[in-house]
Amino acid sequence: MMLPAFRGVEAVRGIEGLTNPRGFIIVDKHQRNPTFPNVFALGVCVAIAPTGKTAVPVGVPKTGFMIESMVTAIAHNMDEILAGQSPTHEATWNAFCLADFGDGGVAFVAQPQIPPRNVNWSAEGKWVHLAKVGFEKYFLSKVKRGESEPFYERLALEAMGLKKIKD
Ligand SMILES: Cc1cc2nc3c(=O)[nH]c(=O)nc-3n(C[C@H](O)[C@H](O)[C@H](O)COP(=O)(O)OP(=O)(O)OC[C@H]3O[C@@H](n4cnc5c(N)ncnc54)[C@H](O)[C@@H]3O)c2cc1C
């Protein structure tokens, strides 16, 4: 499958020190822009260097759990900054993903998402599609209740060795 190369949105593209040449936001290990320290970034807009040289240039995939780890680190870091301290929290960038193909899918765990990895696991089947439907219902119901990470979710993830913040 070939996808057109991603690039950052026009609103931020071309701002010296804020974005790279593709328009993605440059961040340090605390998800903070080095030139504009009041700017934090997470998600697909973040600049991540390619992991290696390939015949066709490819970007690094960014998935939901990895992005949740970024926002968790940012929330803790802002808390520290507001308390007059330096930010210390770093996101794990772990990937825990149910990729839905409509009638089937692939589940994978990549810890961390950027190699070298400690865990590299995947499985496929119709169960992934059903799991994704179930996850969507669970996710929307917890967000509607205003909860981002109920304690049972955190316990279940920790039991699988999946953390959002580096120790
Ligand atoms: C086809 C596809 C399938 C995927 N499947 C999976 C999956 O199964 N599991 C998984 O974990 N991840 C999956 N991903 C990746 C995941 O969906 C994305 O990484 C994630 O949604 C990115 O979240 P984000 O908040 O960073 O960006 P987005 O979800 O893209 O949100 C950015 C928002 O900013 C808005 N915006 C843009 N420009 C402006 C502007 N100038 N002003 C104001 N708003 C603006 C956009 O409208 C958009 O709503 C998939 C991605 C794609 C494309």
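Within region 18-37, no residue that is exposed (fewer than 12 other Cβ atoms within 10 Å of the Cβ) sits with its Cβ atom under 6 Å from a residue that is outside any loop (DSSP other than H, G, I, E, B) at 6+ positions apart or across chains. Residue count for region 56-69 under the criterion of being closer than 15 Å to residue 24 by Cα, more than 7 Å from the ligand (Cβ to nearest atom) and among the hydrophobic types (A, V, I, L, M, F, W, C): the result is 2.
Within region 43-60, restricting attention to residues that are touching a strand residue (DSSP E or B) at 6+ places or on another chain (Cβ under 8 Å) and not in a helix (DSSP H, G or I), the residue that is surrounded by the fewest Cβ atoms within 10 Å (Cβ to Cβ) is 47. Would you confirm whether any residue within region 122-142 is within 23 Å of residue 166 (Cα to Cα), away from the ligand (no atom under 15 Å from the Cβ) and surrounded by 12 or more Cβ atoms within 10 Å (Cβ to Cβ)? Scanning region 122-142 turns up no residue that is within 23 Å of residue 166 (Cα to Cα), away from the ligand (no atom under 15 Å from the Cβ) and surrounded by 12 or more Cβ atoms within 10 Å (Cβ to Cβ). Selection of region 10-30 for residues being touching a strand residue (DSSP E or B) at 6+ places or on another chain (Cβ under 8 Å) and within 12 Å of the ligand (Cβ to nearest atom) yields 12, 13, 24, 25. Among the candidates 6, 65, 40, which residue alone is modelled with pLDDT under 95, buried (at least 16 other Cβ atoms within 10 Å of the Cβ) and of a type in the set (Phe, Trp, Tyr)? That would be 65, the only listed residue that is modelled with pLDDT under 95, buried (at least 16 other Cβ atoms within 10 Å of the Cβ) and of a type in the set (Phe, Trp, Tyr).
Taken together, the criteria place residue 85 among residues that are over 26 Å from residue 121 (Cα atoms) and away from the ligand (no atom under 16 Å from the Cβ).
The values are calculated or read from the model by the stated rules, or taken from the named source; none is laboratory data. Everything quoted here is computed from the prediction, not taken from an experiment. So basically every Cβ, Gly included, is an ideal-geometry build from the backbone, and we count neighbours across all protein chains shown.
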